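Novice: Before we start, here is the structure in question, set down as structure tokens.
The values are calculated or read from the model by the stated rules, or taken from the named source; none is laboratory data. Model, not experiment: these values are computed from the prediction. Quick reminder, even Gly has a Cβ in these numbers, built from the backbone with ideal geometry, and neighbours come from all protein chains shown. Only protein heavy atoms, including side chains, enter the accessible area calculation; ligands, DNA and RNA are left aside. Shrake-Rupley method; radii C 1.70, N 1.55, O 1.52, S 1.80 Å.
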Amino acid sequence: MRPFVYERPASVSAAAAIASRFAAEGVPPTEAAAQFIAGGTNLADYMRLGVAQPARLVDLNGLGDRALRQIEVGDDSIRFGALVRMGEAADTGEIKRRCPMLAESLKFAASGQIRNMASLAGNVLQRTRCEYFRETSWPCNKREPGSGCAAMEGFNRQHAVLGTSNACIATYHGDFAQALIALGATVEVEARRGMRKIAFSRLHRLPRDTPNVETELAPDEVITAIEVPLGAWSRRSRYVKIRDRESYAFALASAAVALDMDGDTVSQARIALGGVATVPWRARAAEEALSGKALDDEAAEAAAEAAFAEAKPREHNAFKIPLGKRTLVRALLETRDMKV
Amino acid sequence: MSETPLASLSRRSFMTGSVSAAAAGPLMATSAKAAAPQPAASAEPRDLSAISLRINKQPYNLALDNRTSLLDALRDHVGLTGTKKGCDHGQCGACTVLVDGKRVLSCLSFAVMNKGHEITTVEGLASADGNLHPMQQAFIDNDAFQCGYCTPGQIMSAIGCINEGHAGSEGDIREYMSGNLCRCAAYPNIVAAIMQAQDETRKA
Amino acid sequence: MNQAAPAPKENMGNPVPRIDARLKVTGQAGYSADLPTANMAYGALATSSIAKGSITAVRLEKARKVPGVLDIVSVGDMDGIDKPKFGNTGASSIAPLHDKAIFHDGQIIALVVAETFEAAEEAAALIRADYAEETPSAGFDSRGTEMEPAAGKSPLFKEDVKAGDFDAAYAAAAVKIDEKYSTPTQHHNPIELFSTTAVWQGDQLTVYEPSQNVTGWKAELARQLKIDPANVRIVSPYVGGAFGSKGPMTARTAIVAVAARSVGRPVRCVVSRIQAYGTQTYRAETRHRIRIGANQDGRITAFAHEGWEVTSRPDPYVVGGTSATGRMYDYGSVLTHVSLVHADRNTPGYMRSPPETPYVYALENAMDEMAVALGMDPVEFRRVNEPQKEPIGGKPFSSRSLVKCYDQAAEAFGWSKREAAVGSMRDGDWLVGMGCATAIYPTAAAPCAARVRLTTDGEVRVQCGSHEIGTGVRTVAAQMAAERLGIEMDKVSVEMGDSALPPAPVSGGSISTASVCSAVLKACDAVRAKLFAAAVAEAGPLAGSGNAKLEMSQEKIVADNGKSAKLSDVFKTMQIGAIEEYAEFAPKGSSPEALKKLYAGQSEFHGGDQDKDSVKYAFGAEFVEVRINSHTREIRVPRIVGAFAAGRIMNTRTARSQLMGGMIWGIGQALHEATEIDKRHARYVNRDLQDYLVPVNADVKQLEVILVPEIDHEVNPAGVKGLGELGNVGTAAAVASAVYHATGKRIRDLPIRIDHLIV
């Protein structure tokens, strides 16, 4: 691991100032000289692998603002401070009741220990677990722009079928982010130049030609809060995650589904898909396919077909297309049948 | 000889051994400098940081590389080798310790980030008179290990799991203990041990 | 008495808790990398990023500049050191740092030694090599591999067993199958990381390293370093999981010793989880073709098992499970053939039941297919083909309780409630399937020495250079001594894991309990003989009881004439404070050199199919229930029952735990474990515990182990059959048959995953 200077600022503005001092034009946060750390579950791992090489770590755990560590459940929204730990959010009874999908997406992620460590903001920024990205001796456009993609023709069972590009097929493995994108969350960020809000659906960038640029964030922007609007769909929501083993594994496929039902008819569906795409993936085509329809097996299957219409398989991950469809069908039917 | 408990060995060897030599030699030389207050901006990446940790209710003043994980700090610099390294990447749970009562992976936590926190390791569980923590006794009663390597992490995780309120049923225990791999696969016995010890652990 | 401590049945010892349990739950058990050493430096490896070719230059400049780096040992720095050898003690003949050839991905190209772990790791990551790269062959189906017959290539695999005229019998069979099966590369992944700590004091070298063979390593390390074995000591008091991975010594041990000598300080090198994939051994990838022919009544008339196994370019590591599968049932005729496929891979090695896991998986999956083809119940099919004698040499089994195992496991499992038709069982959204398979493991033992000391106050010390790898061998050795000397367990201590102790064989092949207990038994009996003689002598406390039968109990010598004498009184008459006896055990049929070889670190195995009078195996039967989601097809094993018979059970607690762990390994074999390889580059891809999946706690729900009583005086003096490797044999086939039962899909390639079932 590369040696680094450690700093522990007391305020968001001080943290942003440090990052700003070491930011360089055109360099994304993941390659910046100064990087933020909160739980460390992702960054420490990648630093030890030599994938992340910050010269300076800015520890956000000393930030004094209490709101950063609080969850506020209001009538029409839930506001998560950025430093709230995954485990705490997963265990909050109000969240489980008001929006089960959010709590489930957290509970089924990682392990108890990691959930105690990982901050919510850090979690949504977690980087891909693509094996070729993790091992620095392989070519990888995300890690070393222009070096090529070893996964494309390599062993790619865990790789994405949606949102891929000619440069990158690495999966976004997070769970919580699927709930956030399905629910239309907003991320609040702060830098020296002020605050801004970013729609969660705009936070992550498709890989396209620049898979090394993973988010809309500037290196000196600190996420301070995540706000999730609640609506008629929130209580009838589920997160279904399919894994090779029963627990402590990344999703082969997952589906976050929230439904506003009028009798048997879907007034509004909110759907996101995990484990199958390069970024958190809102399945708008599936949502539209369901809108105003009675949710029976056939409608669920039609929605799943729509969701994967653009999917591109590689040698080892073709199974993710039928699996992703069936995961969505199962999630839709289970969500429909929830007693709320 | 090979049955000598490690504590006596390490205490003795540590006086002349790794603290004074491997760690303290090069470390102490720079620790005074590191310990002195310095403006952050002039810090160099290779400077050691002065770190005060509370481990098992004892204060420790260390001078550490910023890169040193809490796990390596415990093992190589404090001499508490009960906490184990199984992967160093947060994938096995063998390094689980309690920080302020919550279970975390010490391999993914830089020691420097733990200033001022109360750290509990497996060495801190038994009482001073040698009485085992109820979870330790339950692990023995239920043969909840074979090789014993993942055991300190399992025990710390089990206590954390109960503290979190996630040990209400066997199903919950299985799910919430899945972050601790046991390659000998003592899982059913681990579940039985936690069921046995949970009431007493809550009181402990 | 709880579930973990089953009540002993006939010929079973008490479930006493492990004697090292307290040390293990308090963090005081010292594993190799825990042991404190003064003035220690840290080592870190750099490994190759290609699989075939040669090194033209190793670039060390950047690494040397890292503050704290003391030395770097790299290619060419092993001058004067002998190369590693492939064999029972050495993992591979591949000699990294000796020469420039690269034989596999992840081969060691340098060892950095630094003041701190952080500096060593940082520097190692900065090392780059220039290579003259060649296109590697990854394994099966790759161009450029070399295939050869396996028979005779390894002392452990002398021939392809056969019996009768397979071709004629198969041609004439009324019902037949001809199918192919495969098993993947797998890595042991013990949770303890591999490590070497080398400490020189003058010309004396002590190495702390997790080992299953301290005596063998002492000899092998001395050979490589060209020093007197008397100057080498290997210490491995506790081993954090082994499963075969710590049996053969790898190239790293000598490299670290050389580095420590070079820097003049102790060096500890803990190998990263990732680097272990290329620097340690692993389970070889295998393929199988099985043909079975039978009469309409289900009696097998013809059995052929062909196997293909991937190994490294230079080393003929043979899995060779046909000697077990060829003797499993009453086949009529048998044809087997095993081939090696040499590829640009590191050399495979022993991994928990090395031959049986893949070969019996293939056999038992085929047996289930055959039962389906015959329309028979799979348990009944096996019962019909239960042999009186093994089919190859016509020898009897020393004991064989397979049918009893099937009966008891089937009863506990509720096999009679299984509806035979495929896809007929369902629970809500979950398809339910049930399957079964046979477990088999050869019973062997090897020469072993032990020293036992009994003092006048009843303290017993047992010393034996065996290894506590989690099996409970310390505990059962203590039990054997306690029982034989009539002493309570808490007064018995056991020292193991040190080459300075009386030598023991490699802790592999499930031989440790039998070999160690037989040696301890012999030493205890020598202690008893001295005590008994003194007790009944003229001046002794039991004078006049010379014809009585004597026993030891509760620190007394008890005669069957009702008299007894306190141990301390016997010692008093002998005017000594302790009796210490050193005993050597050699199994029946051992060669005249067997004991000499023991001291030279070579283990001579006896038993299994090698003996003249009988063949010796332990057996078991496993039943599993699988559940497969009807939508998403994930596969779970909520229930598993195994019944096993393995001669004398020394301790029902440790025996059950080992079998339980084995069965869970079997679930992993069936559903999770595979090391994936990038075929273009012959490089492992999923080299960690995030992508190489092993079962977690949530994967195991109901699990039952049934210990079936069995008495076998023929196997060894202790009457013990090994069972550490029995539990994971057959499990994967039982899962495969249950998956078939649930879905109608026969999966022949492990691991069985969603990928197979979703389309």
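Novice: Taking Cα centroids, how far is segment C:290-369 from segment A:1-51 in Å?
Specialist: 54 Å
Novice: If a paramagnetic tag sat 7 Å from the Cα of C:Lys612 along the Cα-Cβ line, which residues of segment C:392-410 would have the backbone N under 18 Å from that point?
Specialist: Only C:393-398 fall inside the zone, counting backbone N under 18 Å.
Novice: Given labels modelled 7 Å from the Cα in the Cβ direction, how far is it in nm from A:Arg196 to C:Glu148?
Specialist: 6.7 nm
Novice: Give me a comma-separated list of calculated 3J(HN,Hα) values for segment C:423-434, in order, Karplus coefficients 6.51, -1.76, 1.60 applied at θ = phi - 60°, integers in Hz, x for any Gly or Pro.
Specialist: x, 8, 10, 8, 9, x, 7, 10, 7, 10, x, 10
Novice: Once R0 is set to 30 Å, what does the formula 1/(1 + (r/R0)^6) return for the Cβ-Cβ distance between C:Gln296 and C:Ala420, expressed as a FRET efficiency to the nearest 0.05?
Specialist: For C:Gln296 and C:Ala420, the calculated efficiency is 0.95.
Novice: Can I ask one more? Provide the gained length on full extension for the span A:Thr136 to A:Ser77, in nm with one decimal, where the gain is 0.36 nm per separating residue minus the Cα-Cα distance.
Specialist: Going from the current span to full extension adds 17.1 nm.
Novice: Please label the shape of segment A:5-60 as rounded, prolate or oblate, based on the square roots a ≥ b ≥ c of the eigenvalues of the alpha-carbon gyration tensor (a/c under 1.5 means rounded; beyond that, a/b larger than b/c means prolate, else oblate). If you can, show how the numbers build up before the last one.
Specialist: Numbers: a/c = 2.21, a/b = 1.21, b/c = 1.82.
Judged from the Cα gyration tensor, segment A:5-60 comes out oblate (a/c at least 1.5, b/c at or above a/b).
Novice: In square nanometres, what is the average projected area of the Cα convex hull of segment C:182-327? Please report the intermediate quantities before stating the final value.
Specialist: Working: hull surface 46.6 nm².
Convex hull of Cα atoms, orientation-averaged projection: 11.6 nm².
Novice: Same structure, new question: Would you grab the residues whose amide H sits under 5 Å from the one on C:Gly722? Only those 5+ places off in sequence or on another chain, please, with H modelled 1.01 Å from N.
Specialist: C:Ala444
Novice: Sticking with this structure for a sec: For the protein assembly as shown, would you read off the P(r) tail past 61 Å as a percentage of all alpha carbon pairs?
Specialist: Values: 96699 of 848253 pairs.
Cα-Cα pairs of the protein assembly as shown separated by over 61 Å account for 11 percent.
Novice: Between C:Asp203 and C:Tyr582, what length comes free when the chain is fully extended (0.36 nm per residue of separation minus the Cα-Cα distance, one decimal in nm)?
Specialist: Numbers: separation 379, 0.36 × 379 = 136.44 nm, distance 2.86 nm.
Gain on extension, C:Asp203 to C:Tyr582, equals 133.6 nm.
Novice: Where does the charge balance sit around C:Ala172 when Lys and Arg score +1, Asp and Glu -1, over other residues with C-beta under 14 Å from its C-beta?
Specialist: Net local charge, C:Ala172 excluded: +1.
Novice: At 1.4 Å probe radius, can you tell me the per residue accessible area of segment C:445-606 in Å²?
Specialist: Dividing the accessible area of segment C:445-606 by its residue count gives 38 Å².
Novice: Suppose R0 equals 30 Å; then what is the FRET efficiency for C:Ala230 and C:Glu459 from their Cβ-Cβ distance, rounded to the nearest 0.05?
Specialist: 0.50
Novice: Which distance in Å, rounded to a whole number, links the C-alpha centroids of segment A:274-318 and segment A:63-77?
Specialist: Centre-to-centre (Cα) distance: 34 Å.
Novice: At a probe radius of 1.4 Å, what is the per-residue accessible area of C:Thr311, in Å² to the nearest 10?
Specialist: 0 Å²
Novice: A further question follows. 5 Å is the cut-off here: which amide hydrogens, built 1.01 Å from N in the peptide plane, fall below it relative to C:Arg345, excluding neighbours closer than 5 in sequence?
Specialist: Counting only residues 5 or more places away or on other chains, the set is C:Arg313.
Novice: Are there any residues in segment A:1-17 with a reduction of at least 20 Å² in accessible surface when going from the isolated chain to the assembly of protein chains? Probe 1.4 Å, please list them by number.
Specialist: Residues of segment A:1-17 that lose at least 20 Å² of accessible area once the other chains are added: A:Met1, A:Pro3, A:Phe4, A:Val5, A:Tyr6, A:Glu7, A:Arg8.
Novice: Give me the Kirkwood hydrodynamic radius of segment B:134-203, using the inverse of the mean 1/r over all pairs of distinct Cα atoms, in Å to one decimal.
Specialist: After inverting the pairwise mean of 1/r, the radius is 11.4 Å.
Novice: Note the angle between two axes, namely the Cα long axis of helix A:320-336 and the longest principal axis of the Cα atoms of chain A, as a number of degrees from 0 to 90, rounded to the nearest 10.
Specialist: Rounded to the nearest ten degrees, it is 70.
Novice: Per residue of segment C:128-140, in order, report the coupling 6.51 cos²θ - 1.76 cosθ + 1.60 (Karplus, θ = phi - 60°) as ³J(HN,Hα) in whole Hz, putting x for Gly and Pro.
Specialist: For segment C:128-140, the Karplus-derived couplings read 10, 10, 9, 10, 9, 8, 10, 6, x, 9, 7, x, 3 Hz, x marking Gly and Pro.
Novice: Rank A:His159, A:His173, A:His204 by mean-square fluctuation in a GNM of chain A with C-alpha springs under 10 angstrom and give only the top-ranked residue.
Specialist: Judging by the Gaussian network model, the answer is A:His204.
Novice: Using only the alpha carbons of chain C, what is the convex hull's orientation-averaged projected area in square nanometres?
Specialist: 34.0 nm²
Novice: In a GNM of chain A with a 10 Å cut-off on Cα contacts, which of A:Thr30, A:Thr136, A:Thr186 has the highest mean-square fluctuation?
Specialist: Of the options given, A:Thr136 has the highest mean-square fluctuation.
Novice: If you line up the long axis of helix A:12-22 against the longest principal axis of chain A, both from Cα atoms, how many degrees apart are they, to the nearest 10?
Specialist: 60 degrees
Novice: Please list, ordered by chain and number, the residues whose modelled amide H lies under 5 Å from the amide H of C:Asn561; skip anything fewer than 5 residues away on the same chain.
Specialist: For C:Asn561, whose amide H was placed from the backbone, the distant partners under 5 Å are C:Lys549.
Novice: In peptide A:322-330, how many Cβ atoms from other protein chains are near each Cβ within 10 Å, on average? Each step should come with its number before you reach the end.
Specialist: Values: counts 6, 9, 2, 3, 7, 6, 2, 2, 5.
The shielding value for this peptide is 5.
Novice: Given R₀ = 30 Å, FRET efficiency for C:Asp490-C:Ile711 by Cβ-Cβ distance, to 0.05?
Specialist: Values: r = 29 Å, r/R0 = 0.97.
My answer for the efficiency is 0.55.
Novice: Measuring from a point 7 Å past the Cα of A:Asp264 along Cα-to-C-beta, which residues in segment A:283-300 have an amide N at less than 17 Å?
Specialist: A:290-300
Novice: Moving on to the next point. Considering lysine pairs in segment A:68-340 that are 8 or more places apart or on different chains, how many have Cα atoms under 15 Å apart?
Specialist: Going through segment A:68-340 pair by pair, I get 7.
Novice: A follow-up question, please. Please go through the residue pairs C:Lys83/C:Lys153; C:Lys522/C:Lys616; B:Lys84/C:Lys24; C:Lys158/C:Lys612 and name each one whose alpha carbons sit more than 18 Å apart in this structure.
Specialist: C:Lys83/C:Lys153; C:Lys522/C:Lys616
Novice: Heavy atoms only, 1.4 Å probe, whole protein assembly: order C:Asp712, A:Asp264 by accessible area, highest first.
Specialist: Per-residue accessible area, sorted high to low, gives A:Asp264, C:Asp712.
Novice: Quick one: give the max-minus-min coordinate of the C-alpha atoms of segment C:445-606 along each principal axis, largest first, in Å.
Specialist: Per principal axis, max minus min of the Cα coordinates gives 46, 33, 25 Å.
Novice: Where in chain A lies the longest segment free of trypsin sites (Lys or Arg not before Pro) that are both loop residues by DSSP (not H, G, I, E, B) and have at most 11 other Cβ atoms within 10 Å? Don't skip to the answer; put the middle values down first.
Specialist: Working: sites that count: A:Arg193, A:Lys339.
Between exposed loop sites, the widest span is A:1-192.
Novice: Still on this structure, I have one more. May I ask for the Kirkwood hydrodynamic radius of chain A, worked out over all distinct Cα pairs and given in angstroms to one decimal?
Specialist: With all distinct Cα pairs of chain A included, I get 20.2 Å.
Novice: Give me the distance between the Cα centres of segment C:625-704 and segment C:74-113, rounded to whole Å.
Specialist: Going from one Cα centre to the other spans 33 Å.
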